[in-house]
Amino acid sequence: MTSTTGTSFATALLTARTPVVMELKRRSAQGADLFRGRTPAELAALYEEMGAPALSVVTGRWFGGGPELLAEVVAATGLPVLVKDFLTKERQLAEAAARGASAVLLTAGLLPRTLLPRMIESCLGHGLTPFVEVTAERELASLVHADRCVVAVNNKDIRQRERDAGDLGRSRALLPAVLATGTPVPVSASGIRTPAEAAGLLAAGYRALLVGTGLLLQDDLRAWFADLERQRERIR
């Protein structure tokens, strides 16, 4: 187990050789089994071997998650862990911190404009990194403490529970607005399938990526990440 105790979620991404948050999600949006017989501990160990700077755990029940999945992953790794769920109450943030999370997802498009700033401040008060996810420029208007947030562009449609294929063009279009917030860690999330797509987004200016289904469906992760390195070298 690789220990990063004391390393913040954002710092882990900024200093990573492979800046990919690797996600554990039991089921796809269409209901397919993504673990395929693998335990959370086995997946966490595999992702650590691939150089993951941080892990993401989907606890939303529509993806087959729950607090027990978070507990298993936190027990299996020393990496910073992001909790992905539709969190809308400050008590949920306290619970995530108590369960060992390092960061939590805040979905700007689903939170009232007056609530997002409170949730960000509550995250920071609990020692959590706010992972603020947006799908449109207008959703950035309520962002506060951007210099202490990770700001991610979700390439999928959250209102369809991410059943669409994703639009990587959204990340490219929103990058200037995301950078203008002052966040040190702009992230492109979801819908990233190939090493070429991942390398292109990093070359465009994203400091990190979040990849879930695209990794969980791979039969040879070593080949995927080796190809990512080749693609990044080719673009540089």
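Quick notes on this one:
- Convex hull per residue volume in Å³, alpha carbons only, for the range 167-229: 74 Å³
- With both residues required to sit in the chain, DSSP beta bridges show an antiparallel share near 5%.
- Of the peptides 9-16, 21-28, the order by per-residue mean of other Cβ atoms within 10 Å, starting with the highest, comes out as 21-28, 9-16.
- Square roots of five times the Cα gyration tensor eigenvalues for the chain, Å: 23, 21, 17
- Calculated [θ] (222 nm, deg cm²/dmol) that DSSP helices of n ≥ 4 give over the chain, each run adding -39,500 (n - 2.57): -11000 deg cm²/dmol
- Kirkwood Rh (inverse of mean 1/r, distinct Cα pairs), the range 49-125, angstrom: 13.0 Å
- Both radii were evaluated on the Cα set of the range 1-102; the Rg over Rh quotient, with Rh as the Kirkwood radius, amounts to 0.95.
- Cβ crowding within 10 Å averaged over residues, with 96-102, 112-118 ranked highest first: 96-102, 112-118
- Computed from point charges on the beta carbon alone (+1 for Lys and Arg, -1 for Asp and Glu), the dipole magnitude for the chain about its Cα centre is near 340 Debye.
- Taking the range 39-57 and a reference point 7 angstrom along Cα→Cβ of A71, the backbone N atoms nearer than 16 Å belong to 40-41.
- Relative contact order (percent, whole number), the chain, Cα cutoff 8 Å, 6+ residue spacing: 19 percent
Every read-out reported here was derived from the displayed coordinates using simple, explicitly stated rules and does not represent laboratory data. Quick caveat: nothing in here was measured; it's all calculated off a predicted structure. Note that each Cβ is placed from the backbone with ideal geometry, even for glycine, and that neighbours are counted across all protein chains shown.
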